[in-house]
1. Going residue by residue through the range A:173-185, is there one that turns out to be under 30 Å from A:Ile76 (Cα atoms) and either under 19 Å from the mean Cα position of the chain (by Cα) or of a type in the set (Ser, Thr, Tyr) (or both)?
2. Quick check: is even one residue across the range A:65-81 free of Cβ contacts under 8 Å to residues at least 40 places away in the same chain, within 11 Å of chain B (Cβ to nearest Cβ) and of a type outside the set (Lys, Arg)?
3. Identify, please: which residue in the range B:114-130 is surrounded by fewer than 24 Cβ atoms within 10 Å (Cβ to Cβ) and over 22 Å from A:Pro193 (Cα atoms) and is, among those, farthest from the other protein chains (Cβ to nearest Cβ)?
4. So if I check each of B:Gly16, B:Gly22, which one is at the interface with chain A (Cβ under 7 Å from one of its Cβ atoms) and not acidic (Asp, Glu)?
5. Let me confirm something: among B:Leu106, B:Leu190, B:Leu163, which residue is buried (at least 20 other Cβ atoms within 10 Å of the Cβ) and in the same structural domain as B:Ala234 (by TED's automatic domain parsing)?
6. Taking the condition of being under 32 Å from the mean Cα position of the chain (by Cα) and in a helix (DSSP H, G or I), how many residues in the range B:227-249 meet it?
7. Which residue is farthest from the chain's Cα centre (by Cα), if the candidates are limited to the range A:40-81 and must be farther than 24 Å from A:Pro168 by Cβ and of a type in the set (Lys, Arg)?
8. When the range A:24-49 is examined, which residues are found to be in contact with a helix residue (DSSP H, G or I) (Cβ under 8 Å, 6 or more places away or on another chain) and either outside the structural domain of A:Ile146 (by TED's automatic domain parsing) or more than 18 Å from B:Val49 (Cα to Cα) (or both)?
Number of protein chains: 2
Amino acid sequence: MTQNETRVTAGMIVIGDEILSGRTKDVNIGAVADFCTDLGIDLTEVRVVSDELDHIIEAVNALRARYTYVFTTGGIGPTHDDITADAVAAAFGVALPINAQARAMLEARWKQTGTEVNEARLRMARIPEGADLIVNSVSAAPGFRIGNVHVMAGVPVIMRAMLEALAPTLKGSKKVSSITIKCAVGEGTLGGPLAELQEKFPDVKMGSYPQMSRDEVMTELVLRSSDEARLAEAAEQVRAMVIAAHEKAGVSLPQE
Amino acid sequence: MTQNETRVTAGMIVIGDEILSGRTKDVNIGAVADFCTDLGIDLTEVRVVSDELDHIIEAVNALRARYTYVFTTGGIGPTHDDITADAVAAAFGVALPINAQARAMLEARWKQTGTEVNEARLRMARIPEGADLIVNSVSAAPGFRIGNVHVMAGVPVIMRAMLEALAPTLKGSKKVSSITIKCAVGEGTLGGPLAELQEKFPDVKMGSYPQMSRDEVMTELVLRSSDEARLAEAAEQVRAMVIAAHEKAGVSLPQE
């Protein structure tokens, strides 16, 4: 797709040794990807980094300079290995004081649940100066937004609640629509004519994805564009190419 | 963990618009993470990048300079959006000719399956000059290794077969062992004393992971070290701390 200057973009940073060791399997990348696609935001890069201050700072500074929005997940809990707030404050060169509003939110919840206030828990009220809070309806400890960087929890159910809280504050560009065309022939059969059609439609991004199953060769072609008319035109020509390829191969088109 | 100079490290690059759009949910990060942990390789960073030549080249060059090994997944099929080989060749400044051995592997398979040889399929035989092939027992199209960069397929079943083929060629450092301690109290209760123990054992990395369920507050503490004796010593002291915290909170330790 020719990069339209007006596209809204995003980068994501997944923070946590547990993802890199394999102990925890990430599901937040997929959730943020779906969220961005729904809002018409192009998620363009994701980095998974370890719980090391320098690594997080480097990733935050690289991605916030490059994309409209940055989303981070993980590292905002009460323990010593939760250092995302420290890293983001350092990246922006601001202090990290206890935030009165965050503290009030947490203390209200702790009062309800009879939870002791201690130094470790109060770490969760440390918010970079100048940041806005992101409400956490699940466990009260807030995320925050500073500049274009949105800092969220790593626990998936909390992360998704924070995304929902964020949605009204984000502005996507024109939504990208997609059309999927299923094929019962291999990618190699379609690759040549598909490349020609891609050249003809630079504003419609064409992807080809092999589907592996025991006995069948299947391919899904996915066409994506923010221009509905061009997308429909491209899809018509791709479908004609696909039909011809199936006829030549002597196989039937798969059921849609 | 104090970074031991002799640790073997790895970076991973996941290549594909389908991951960034949310259409496909990545499972290769977790598989590569498990693989590295088993071999005593510290996976230190992952980047997910789009099917754009410049993005892939940048990621390859950044990570190959920084880590012992780099693993890439995705973008080595027969269609126009499969540009990983082009990007890696460009990153290393080498040509990308049809490789005779790769072509022979593919043609042998195509002969068996009665598959037509065409220009699109022959894209899969393009291998950067100076690279070694990585055998693909599933669908024949090989991956390749050039320098410290290992280029694999994105289809998970093929990617895992390639990892298995690679394993004997990789050299891990001393394996990191881990001990998990389950707790029935929240992270905030453990955070203070855990931070003190982390200071005492800089060579044992201590992670704290909240487990959210409907009615229970659970925390898993994970201790990791390549020094078994220090790991055991740290675990003993963390267990004593955990027992004291449960007694103070008046809750029983969870069943292991």
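1. Just the residues of the range A:173-185 that are under 30 Å from A:Ile76 (Cα atoms), to begin with: A:173.
If we keep only those that are either under 19 Å from the mean Cα position of the chain (by Cα) or of a type in the set (Ser, Thr, Tyr) (or both) too, we end up with A:173.
Yes, the conditions are met somewhere in the range A:173-185.
2. Taking the range A:65-81 as the starting set, the residues that turn out to be free of Cβ contacts under 8 Å to residues at least 40 places away in the same chain are A:65, A:80.
From the residues that got through so far, the ones that are within 11 Å of chain B (Cβ to nearest Cβ) too are A:80.
Cutting the leftovers down to of a type outside the set (Lys, Arg) gives us A:80.
Checked against the condition, which is being free of Cβ contacts under 8 Å to residues at least 40 places away in the same chain, within 11 Å of chain B (Cβ to nearest Cβ) and of a type outside the set (Lys, Arg), the range A:65-81 yields at least one hit.
3. Ranking the qualifying residues of the range B:114-130, first place goes to B:Gly130.
4. Values: B:Gly16 fails: at the interface with chain A (Cβ under 7 Å from one of its Cβ atoms).
The conditions single out B:Gly22.
5. On the way: B:Leu106 fails: in the same structural domain as B:Ala234 (by TED's automatic domain parsing); B:Leu163 fails: in the same structural domain as B:Ala234 (by TED's automatic domain parsing).
Being buried (at least 20 other Cβ atoms within 10 Å of the Cβ) and in the same structural domain as B:Ala234 (by TED's automatic domain parsing) holds for just one of B:Leu106, B:Leu190, B:Leu163, which is B:Leu190.
6. Count: 13.
7. A:Arg66
8. Listed by number, the residues that qualify are A:Thr24, A:Lys25, A:Leu39.
The values are calculated or read from the model by the stated rules, or taken from the named source; none is laboratory data. Computed from a predicted structure; not experimentally measured. When we count neighbours, we look across all protein chains shown, and the Cβ atoms used for this are built from the backbone with ideal geometry, even at glycine.
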